[in-house]
Amino acid sequence: MAVNSSGSPSGGDGATDVVVVGSGPNGLAAAVTLARAGLGVVVLEAQPTAGGGARTLALGLADGVVHDVCSAVHPMAWASPFFRAFDLAARGVELLVPEVSYAQPLPGARAGLAFHDLDRTVEHLGADGAPWRALVGRLSQHWPHVARAALFDKRSVPAGLLPGGALTAARFGAAVLEQGTRAWDRRFSGDVAPALLTGVAAHAITPMPSLAAAGTALLLASLAHAPGGWPVPRGGSGAIVAALRADLEAHGGTVRTDRRVTGVADLPPARAYLFDTTPRTLLDVLGAQVPASAARALDAFRYGDAAAKVDFVLSGPVPWAVPEVARAGTVHVGGTRPEMAAAEADVAQGRHAARPMVLASDPTVVDPSRAAGGLRPLWTYAHVPRGSDVDVTEAVTAHVERYAPGFRDVVVGSRCVPAAHMDHHNENYVGGDIAAGAVSIRQMFARPTLRWDPYRVPVEAGPLGGAAGPAPAVYLCSASTPPGPGVHGLGGWYAATRALRQVFGVRTPPSLAP
C-alpha cells in the first residue's frame, strides 16, 4: 500500500510510487527501504539477472563452477550501517571469515599477512608490528566510528559519531594525511608493512600516495582486524542479492529483468525515480528534462581508471611460494610499495604496467562448496587504463606465477573481460571503471556534484514516465554518489530516505530488521 504526503494510504491511480533503474546493491537497498515504507516499488534491470556488481554466475568454463562477476569479498557487507540493520546473517547469508584477511606476496619468497587476528599480524610484522598496531590496530578497535567517518553522506555529521567517535575520526583523518602523502614511509622500518597497506590502497585504482587511496586503505585495513573481517559469502556474492530481492518481494516490490531503459518512454509513470546508474546514463535517459546547468555539472563528473577481469578455473589451490598466503581470502599481487606505486602511475598515464596490480580471491579457501568436480574458481582483476581492450590473461598469469611457481600448471580454463567490455555486463562500469567514477579526494565530496543534496537531480516538467504535468522527483543512488564504491547499499539507503521525506512525507525511515 502506498502512502501520501501526510503518511496515510494513497489512492491507486495506476501509477507506481517509485521506479528504481538498476538492481545493483544500491538500487536494491533503495527499493527495500521504500517498499518497507509501504510504497509500490518496481525495479528495472537491463541484464537477464539482478544484482549488478554482486552477481554470481556460471560462465561456462567448467560444470558446476560459478564465478563472482564483480565483487567477491565483502568487508562492507557486515560493517555498513545499512547491512547491519538489514542483518544478513538472520536472513541466512553466511559470511565466512578467512584466517588471513588479505596477503601481500613479496619478492624473495616472502609475504605480508594481515591476519584477522590483530595480535598475530603484529607478531608477524616483527619490528613494524608495534607501528602497525598504533596505526591500524587502534582504528580497528574502534571500527564502528571509522566506518561512520568514512561512509557518511559527506553532507552531514555522521549519525552516532558524536561525541564518542570524534577522537577516532580525528585519528582516522590524521592517519589519512600520513599515508596519503610522501610521509607514508616514515612510520615503518621494513618493506612488509608498507606493502600490506599499499595493496589495500590499490583498491581505489588511483595514483599513490594520495588521500583518497589512503582513506580506502585505512578503512579496509582496519576492518580486516575487526569482528567481521573480510568475509566471503557462502555460495558467492549473489547470496547478498538474493536476500535483498527476497525482502523486496516480501514487501510487495517487483524486479523486472531484461528491461533496458534508454529514454523516458521506457519508464512507467511514478512519483519518484531512483537511478542506480552513472550520471552519464541518467543524462542519456532524461535528456533535455534535466536543466542545462545541472546537466553540465553531471556531465563534468570524471570517470577513473579501470580493471580488466580474468576468471580462472583451477585444478587445485594456487601454489604460493609462501604457503600461508593460501589461507587468505584476498591476495594483492603487486610486490613492494614502490612496485605498486609505479604500476598505478603507469595506468594513470594511460600505459599498461609490465606487472599490473592484480587482486585475486580463491573463495574455496573458506567455502569448499565453491569447488565442483575437483575444480575451483579463481577471481582476479588487473588494473589497466580506462577503455583498454587488451586481453590481460597472460599478464595476470605471469604476475601470479612470479609468486606462485607452477600456477600455470593448475589452470584448466580462463576468460578475460577487457576493461572496454566491462560495461557489457554492467553499464555503470564506464570503460572498465568499476568504481563508477574516479576515486579522488575532490570526488569523494563532489560526488557526483557539489550540490548540497548529492542525490536529488533537478528535472523540468515533461513526458517523464509517459505522463505530462508536474515533474516527478529524480534521484541518483549509485556508487557515483556518496559514500562511493563498495557493496554497502548506502548510496541507495541515503537516497531512499531523502525520497521518503521529500516526496512522501515519511520522516522516520522504516525498520530494516527481518
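The values are calculated or read from the model by the stated rules, or taken from the named source; none is laboratory data. Bear in mind the structure is a predicted one, so any value in this text is a computation, not a measurement. For neighbour counting, all protein chains shown are included, and Cβ atoms are generated from backbone atoms with ideal geometry for every residue, glycine included.
Can you spot a residue in segment 257-279 that is acidic (D, E), touching a helix residue (DSSP H, G or I) at 6+ places or on another chain (Cβ under 6 Å), within 23 Å of G199 (Cβ to Cβ) and in contact (Cβ under 8 Å) with a residue 60 or more places away in the chain?
no
Condition check ((1) in contact (Cβ under 8 Å) with a residue 60 or more places away in the chain; (2) buried (at least 24 other Cβ atoms within 10 Å of the Cβ)) across all residues:
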position: A473; (1), (2): yes, no
position: A479; (1), (2): yes, yes
position: P485; (1), (2): no, yes
position: G489; (1), (2): yes, yes
position: G492; (1), (2): yes, yes
position: V503; (1), (2): yes, no
position: T508; (1), (2): no, no
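Which one is surrounded by the most Cβ atoms within 10 Å (Cβ to Cβ), of the residues in segment 136-173 that are out of contact with any helix residue (DSSP H, G or I) (no Cβ under 6 Å at 6 or more places or on another chain) and closer than 26 Å to R120 by Cβ?
My answer is R171.
Between residues in segment 361-379 that are modelled with pLDDT of 95 or more and residues that are assigned to a loop (DSSP other than H, G, I, E, B) and hydroxyl-bearing (S, T, Y), which pairs lie under 9 Å by C-beta distance while being six or more apart or on different chains?
G374/S315; L375/S315; R376/S315
Would you be able to tell me the number of residues in segment 383-435 that are hydrophobic (A, V, I, L, M, F, W, C), under 19 Å from the mean Cα position of the chain (by Cα) and within 16 Å of D68 (Cα to Cα)?
Within segment 383-435, residues that are hydrophobic (A, V, I, L, M, F, W, C), under 19 Å from the mean Cα position of the chain (by Cα) and within 16 Å of D68 (Cα to Cα) number 3.
Quick one: is V176 among the β-branched types (V, I, T), crowded, with 20+ Cβ neighbours inside 10 Å and under 25 Å from Y303 (Cα atoms)? Give the derivation first.
Working: among the β-branched types (V, I, T): yes; crowded, with 20+ Cβ neighbours inside 10 Å: yes; under 25 Å from Y303 (Cα atoms): yes.
Yes.
All but one of (1) out of contact with any Lys or Arg (no Cβ under 7 Å at 6 or more places or on another chain); (2) crowded, with 18+ Cβ neighbours inside 10 Å; (3) modelled with pLDDT of 95 or more; (4) not charged (D, E, K, R) hold for T181; which doesn't?
The single condition T181 does not satisfy is (2).
The conditions are (1) within 15 Å of V400 (Cβ to Cβ); (2) without any contact (Cβ under 8 Å) to a residue 60 or more places away in the chain; (3) of a type outside the set (K, R), and T330 fails exactly one of them. Which is it?
So the condition that T330 fails would be (2).
Quick check on my filter: what residues within segment 445-471 are part of a helix (DSSP H, G or I) and either at positive phi or crowded, with 19+ Cβ neighbours inside 10 Å (or both)? Outline the logic, then answer.
Of all residues in segment 445-471, those part of a helix (DSSP H, G or I) come to 445, 464-466.
The answer is L464, G465, G466.
Any chance you could count how many residues in segment 118-132 are surrounded by 14 or more Cβ atoms within 10 Å (Cβ to Cβ) and farther than 15 Å from G190 by Cα? Talk me through it step by step, then tell me what you get.
Our first condition is that a residue be surrounded by 14 or more Cβ atoms within 10 Å (Cβ to Cβ); within segment 118-132, this holds for 118, 120-122, 124-125, 128-129, 131-132.
Then keep just the ones that are farther than 15 Å from G190 by Cα; that gives 118, 120.
So the answer is 2.
Can you pull out the residues in segment 399-429 that are part of a helix (DSSP H, G or I) and surrounded by 22 or more Cβ atoms within 10 Å (Cβ to Cβ)?
H399, V400, Y403, A419, M422
Here's the yes/no breakdown for (1) over 17 Å from T330 (Cα atoms); (2) part of a loop (DSSP other than H, G, I, E, B); (3) polar (S, T, N, Q):
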{"residue": "A35", "(1), (2), (3)": "yes, no, no"}
{"residue": "G60", "(1), (2), (3)": "yes, yes, no"}
{"residue": "C70", "(1), (2), (3)": "no, yes, no"}
{"residue": "H74", "(1), (2), (3)": "no, yes, no"}
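Going by what's in this entry, would A72 be described as under 28 Å from A226 (Cβ atoms), under 16 Å from the mean Cα position of the chain (by Cα) and modelled with pLDDT of 95 or more?
yes
Tell me, please, whether a residue that is free of Cβ contacts under 8 Å to residues at least 12 places away in the same chain, over 24 Å from H124 (Cβ atoms) and surrounded by fewer than 22 Cβ atoms within 10 Å (Cβ to Cβ) can be found in segment 203-221. Even if it seems obvious, please write down each step before you answer.
First, pick out the residues of segment 203-221 that are free of Cβ contacts under 8 Å to residues at least 12 places away in the same chain: none.
Looking for residues that are free of Cβ contacts under 8 Å to residues at least 12 places away in the same chain, over 24 Å from H124 (Cβ atoms) and surrounded by fewer than 22 Cβ atoms within 10 Å (Cβ to Cβ), one finds none in segment 203-221, hence no.
Does L95 fit the bill of being at pLDDT 95 or above, surrounded by fewer than 24 Cβ atoms within 10 Å (Cβ to Cβ) and within 18 Å of the chain's Cα centre (by Cα)?
Working: at pLDDT 95 or above: yes; surrounded by fewer than 24 Cβ atoms within 10 Å (Cβ to Cβ): yes; within 18 Å of the chain's Cα centre (by Cα): yes.
Criteria met by L95.
Pick from A79, A109: which is under 30 Å from D128 (Cα atoms), crowded, with 22+ Cβ neighbours inside 10 Å and either hydrophobic (A, V, I, L, M, F, W, C) or modelled with pLDDT under 95 (or both)?
On the way: A109 fails: crowded, with 22+ Cβ neighbours inside 10 Å.
Criteria check complete, one pass: A79.
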